[in-house]
Amino acid sequence: MKRIAIIGAGMAGLTLANELKAFADVQVYEKSRDYGGRMATRCRNNYQFDHGAQFFIAKTPAFKEFLKPFIQKNLVARWDARFVELTGNDVTYRWTWTDEVPHYAAAPSMNSLGEAMAKDLPVQLETHINEIKKNGQQWQLIDIEGKVLGSYEWVILAIPAKQVIELVPDECKFNKDVAEKNMSACYSLMLGFKEALPLEWDAALVKETNISWVCNNHSKPGRANRYSLLIHSTNQWAEENIELDNEVVTKFLIQETSAVIKQDVSVAEHIDLHRWRYANIQKQYGDRSFIDNSNRLAAIGDWCIKGRIESAFLSALDGATKLKQLL
Ligand SMILES: Cc1cc2nc3c(=O)[nH]c(=O)nc-3n(C[C@H](O)[C@H](O)[C@H](O)COP(=O)(O)OP(=O)(O)OC[C@H]3O[C@@H](n4cnc5c(N)ncnc54)[C@H](O)[C@@H]3O)c2cc1C
C-alpha cells in the first residue's frame with residue numbers, strides 16, 4: 001500500500017484519514033496536544049470553553065449520515081439554545097432552536113468529536129511539520145526540531161490555506177489557487193463566573209458592534225462545568241488589531257461585552273483569550289480540494305468551500321474520492 005502523510009488532525013484531516021485508511025498506509029501529524037483543530041475546547045479551573053467552532057448544522061445527506069453514529073453515542077447532541085440577535089445591545093430577534101433546523105454541538109466538549117474520529121487512526125500529536133522535502137520519488141517530513149519523520153509517496157495538507165503555501169514547494173501546481181484564499185482572524189474571550197448571569201438567552205449573534213457572538217458555554221449539551229461565557233470578536237476587528245497585546249485586547253473585549261449584554265463581565269473570576277490567526281473564510285467557488293498528481297501533493301480544508309465544519313468534511317470527501325482513483 002502507498003504511504004500517505006496527512007498534516008493536520010482537524011475535521012478535514014481526520015475525515016480524509018478515515019476515508020483512505022483501507023486504501024493506503026496513512027499517518028497523521030498534528031502540531032497541537034489535541035485532536036479536532038478549530039473544533040477546540042479549553043478547560044481551566046473546572047470552567048470549559050469551546051473557543052473555536054460553536055455549533056454546526058447538517059445541510060448535506062453525506063454530513064447527516066456521518067453524524068448518525070456520533071448522535072447515537074451521544075457524542076454529538078442537539079443544542080436547543082434560546083437564541084437571540086442583538087443589534088447593538090437591543091434584542092431584535094428571538095428563536096429557540098428546535099428540530100425544524102437541528103443545531104448540534106459535540107458532547108461533552110467540542111474537541112471530543114475530533115478525539116472520537118481519531119480513535120482508530122495513527123495520529124502523532126505535538127508534531128509540528130516544518131518542511132516537506134523531495135527525496136527521490138518520496139517526500140520526507142521534517143519537524144520543527146529538524147527531525148526527519150519518515151518518507152511518504154503522498155503528502156496531504158489539511159491545514160489553513162496560508163500554512164499550505166508556507167510548506168509546499170514552488171513547483172506545486174495548486175500554489176497560485178491556494179494563495180488566493182484569504183482567511184480572516186478572530187479573538188475568543190473566555191470568562192468564568194462564580195455565579196450565573198441573569199441572561200434570558202443562551203446564544204447571541206451580535207450586529208453593529210466589535211463583537212459578533214456571545215454564548216453561555218454551560219448551556220450546551222452534556223456540560224457539567226461551571227457557568228461560563230464565550231465571546232468572539234468580529235473578524236474585521238481582529239484583522240485590524242491582530243498585533244495588539246493580549247492584555248489590551250482582553251480589556252477592550254470585556255468593555256464591549258459589558259456594553260452589549262448590559263452586565264458588568266469584568267467581575268469574572270477566570271479570564272482568558274485566544275487569538276485565531278486563520279479562523280474563517282467567506283463562501284468560495286471552484287475546486288473543493290486541490291490535487292497535484294505529478295508531485296503527489298494535495299490540500300483540503302474548510303477554506304476550499306466556506307469556514308464551516310461541514311465544509312471541512314465535504315472538502316475531505318471530495319479529496320478522498322479523487323485520491324482513491326490515483327492510489
Ligand atoms: C472562532 C471560530 C468560530 C467558529 N465557529 C464555527 C461554527 O459555529 N460553526 C462551524 O461550522 N464552524 C465554525 N468555525 C469554523 C470551523 O471550526 C472550521 O471550519 C473547521 O473546524 C475547519 O476544519 P479543518 O480540518 O479544515 O481545519 P483545522 O480545524 O484548522 O485543522 C487544521 C489542523 O492542522 C494543524 N496544523 C496546522 N499546521 C500544522 C503543521 N505545520 N504541522 C502539524 N499540524 C499542523 C492545526 O493545529 C489543526 O489542528 C469556527 C472557527 C473559529 C476559529
| task | Please go through region 128-221 and write out the trypsin sites (Lys or Arg not before Pro) that DSSP classes as loop and that have at most 15 other C-beta atoms within 10 Å. | result | K147, K173, K194
| task | Nearest 5 is fine: what % of DSSP beta bridges in the chain come out antiparallel, could you say? | result | 70 percent
| Heavy-atom accessible surface of region 13-99: percent carbon and sulfur, 1.4 Å | 49 percent
| chymotrypsin sites (Phe, Trp or Tyr not before Pro) lying in DSSP loop within region 17-79, provided at most 16 other Cβ fall within 10 Å | F23
| query | Taking 0.36 nm per residue of separation and subtracting the Cα-Cα distance, what length does fully extending T321 through K306 add? | reply | 3.5 nm
| note | Note: I144 to T98 extended length (0.36 nm per residue) minus current alpha-carbon separation gives 11.9 nm
| Rounded, prolate or oblate: which one fits the chain, using the alpha carbon gyration tensor with axes a ≥ b ≥ c (rounded when a/c is under 1.5, else prolate when a/b beats b/c, else oblate)? | prolate
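Starting from the residue with the highest accessible area, list S289, S258, S266 in decreasing order, probe 1.4 Å.
From most exposed to least exposed: S266, S258, S289.
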| note | Non-local residues with an amide H under 5 Å from the amide H of L86, with H modelled 1.01 Å from N and Pro and chain starts lacking one, are T92, L205, V206, K207
| Got a sec? Charge dipole of the chain, +1 on Cβ for Lys and Arg, -1 for Asp and Glu; which of N46, I242, S32 is way out at the positive end? | S32
| remark: For region 176-189, in residue order, the Karplus 3J(HN,Hα) values (coefficients 6.51, -1.76, 1.60; θ = phi - 60°; whole Hz; Gly and Pro = x) are 5, 4, 5, 4, 7, 7, 9, 9, 10, 8, 7, 9, 10, 9
| Distance in nm between pseudo-label sites at K2 and I71 (7 Å out along the Cβ direction from Cα) | 3.5 nm
| request: Quick one: which residues, 5+ away or cross-chain, put their amide H under 5 Å from the amide H of F23? H built at 1.01 Å from N. | output: none
| Solvent accessible area, Å² - E166, 1.4 Å probe, full protein context | 130 Å²
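The values are calculated or read from the model by the stated rules, or taken from the named source; none is laboratory data. Values in this document were obtained by computation on a predicted structure and should not be read as measured data. Positions of Cβ are backbone-derived with ideal geometry, glycine not excepted, and every protein chain shown enters the neighbour counts. In case anyone asks, the SASA skips ligands and DNA or RNA and just uses the protein heavy atoms, side chains included. Shrake-Rupley method; radii C 1.70, N 1.55, O 1.52, S 1.80 Å.
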